[in-house]
Amino acid sequence: LTVEDLAELLHTSESSVRRWSNRDDETEPSGDAGDRVMAVAKIVNHLRHAMTPRGAVRWLLRRHPVLDDRRPVDELKDPTSYRLLVHLASGARSFHPT
């Protein structure tokens, strides 16, 4: 993902993403941004067992019936959705196509 993509996914600024990824900068995500980063990390950790990196990104960007056809990335705006999103992602690990 590009810095722009990560900023959109994490609902933060591109400059924040650049600071967090700069080895010379000790700035870490905190507050709401830190919570979102942790939620995304948990989600991706589950998805990586069931799909490719591209598939995980698509999972975040596609509409999901359990979310009333909303996209997981949009639900990341609401901290009360984190637990549900992690739960949905963990279900991808046990999915077996027929």
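The values are calculated or read from the model by the stated rules, or taken from the named source; none is laboratory data. Remember, it's a predicted structure, so these values are computed and weren't measured experimentally. Because the Cβ atoms are built from the backbone with ideal geometry, glycine has one as well, and the counts that use them run over all protein chains shown. Protein only, heavy atoms only, side chains kept; ligands, DNA and RNA dropped before computing areas. Shrake-Rupley method; radii C 1.70, N 1.55, O 1.52, S 1.80 Å.
Structural remarks
- Distant-in-sequence amide H partners of residue 70 (H built 1.01 Å from N, under 5 Å): 64
- Per-residue extension of 0.36 nm, minus the Cα-Cα distance of residue 13 and residue 27, leaves a gain of 3.7 nm for this segment.
- The residues of the chain present an accessible area of 70 Å² per residue when probed at 1.4 Å with all protein chains retained.
- The range 48-98: C-alpha pair distances exceeding 16 Å, %: 39 percent
- Residue among 43, 15, 30 farthest towards the positive dipole end of the chain, charges placed on Cβ: 43
- Accessible surface of the chain, 1.4 Å probe: 49 percent of it comes from carbon and sulfur atoms.
- What you get for the chain, charging only the Cβ of Lys and Arg (+1) and of Asp and Glu (-1), is a dipole of about 560 debye around the Cα centre.
- J(HN,Hα) series, the range 29-41, from Karplus relation 6.51 cos²θ - 1.76 cosθ + 1.60, nearest Hz, glycine and proline x: x, 9, x, 4, 5, x, 5, 5, 4, 5, 5, 5, 4
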